[in-house]
Structures are given as C-alpha cells and as structure tokens.
Amino acid sequence: MRWWDIDPVLELEKDLFPEDAWSRGMFWSELAHSRGPEATRRYVVAEDEGRLFGYAGLAASGDLGDVQTIAVRREQWGTGLGARLLAELLRAATAFECAEVLLECRVDNVRAQKLYERFGFEAIGFRRGYYQPGNVDALVMRLNDPSTSVNGVQGTEING
C-alpha cells in the first residue's frame, strides 16, 4: 500500500466498517512505519486494472505480530482473496521474525473467524466492547509460528 491507495482504501473502509472506520490519519500513520530498515508495518492492497478489491495490514513489535486490518470488497467474498491477503501478512510476520501473531475479530464476524481458524489461529479470549461506537466484543485469536501457515495459498497478485 502506498499513499495514493489511501482514497480507495478509505472508500472501502467506510463501506465495510461504517461505525468504526479508520480515518485518513490512521492510515497515514501506519504507512509512515511501513518503509525503510526500521519498518514495523506491512500494508498491502489487492487490485486489478486500477480497482481496489481489498487491503490488509500487520504491525510487528519484537517477536509479536498483530493483524491490524483485513478488508475485502463484498463482491469478492468467497473468492479466496481474504486468504491471499492473510497469507501475505503471515509472510510479512515471518520476515519480521514474529514468533506469534495476534488479531481481534468481531464476535459476530463468523466468516472471518473461519478464515483465521483455517490458518491455525485459535481463540484465546475476548475484549469486551472493543468495537465502538457499537460496543461489540472482539474475539482475540493467536497463531503460533506464522511461517507454517502460508503454504499452498495462491491466486491474485497482492501489492505492497
């Protein structure tokens, strides 16, 4: 993801997450930490012929990775794009030498939970009222050794 991707990313963000969409400033801040030898973030976009179909981001700190966001345009649900985006984040976690990866997922987002479980993530707890303003709980999930979870996922090219 580059700065010029922010406008289409924000459009998709607001469509998919209308109550708790990230702001332009949040994406700028994340991208500021995604380049150079001291990078601690990896953000990617999936696009075809200039149209954005999805994006994802990971933060790394020490040996811990944290999936910050994954979003896929509704008409692409069920195509495997979310899996390809997640696989790219897990490759980034491996490159950052993360021993484990955490994420939060809305408790009502069963589709996403099943995706994460296919990659080996396990539920480890809840964060009550995590998603605001809707006061929706988050399921916290963990994956140990992300390097073992990215094999065999192929398809649409993902761009960083």
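The values are calculated or read from the model by the stated rules, or taken from the named source; none is laboratory data. Computed from a predicted structure; not experimentally measured. Counting neighbours? That spans all protein chains shown, and the Cβs are built from the backbone with ideal geometry, glycine included. These area figures cover heavy atoms from the full protein model, side chains too; ligands, DNA and RNA do not enter into them. Shrake-Rupley method; radii C 1.70, N 1.55, O 1.52, S 1.80 Å.
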In the stretch 1-40, the residues that are in a loop (DSSP other than H, G, I, E, B), without any contact (Cβ under 8 Å) to a residue 40 or more places away in the chain and aliphatic (A, V, I, L, M): Ala21, Ala39
In the set Arg106, Arg73, Arg142, Arg84, which member is within 24 Å of Trp22 (Cα to Cα) and at pLDDT below 95? Arg106
Within the stretch 119-138, can you find the residues that are farther than 18 Å from Asp20 by Cα and touching a residue at least 24 places away in the same chain (Cβ under 8 Å)? Phe119, Gly120
Residue under question is Ala21, and the condition is that it be at pLDDT below 95, closer than 20 Å to Gln132 by Cβ, open to solvent by less than 40 Å² (accessible area, probe 1.4 Å) and more than 12 Å from the chain's Cα centre (by Cα); does it hold? yes
Can you find even one residue in the stretch 28-51 that is in contact with a strand residue (DSSP E or B) (Cβ under 7 Å, 6 or more places away or on another chain) and modelled with pLDDT under 90? no
List the strands (runs of 3 or more DSSP E) inside the stretch 41-160, counting only whole elements, that have at least 1 residues being open to solvent by 80 Å² or more (accessible area, probe 1.4 Å). 41-48, 51-61, 122-131, 136-144
Run Glu122 past the list (1) closer than 21 Å to Glu13 by Cβ; (2) at pLDDT 95 or above and report the number of the one that doesn't hold. (1)
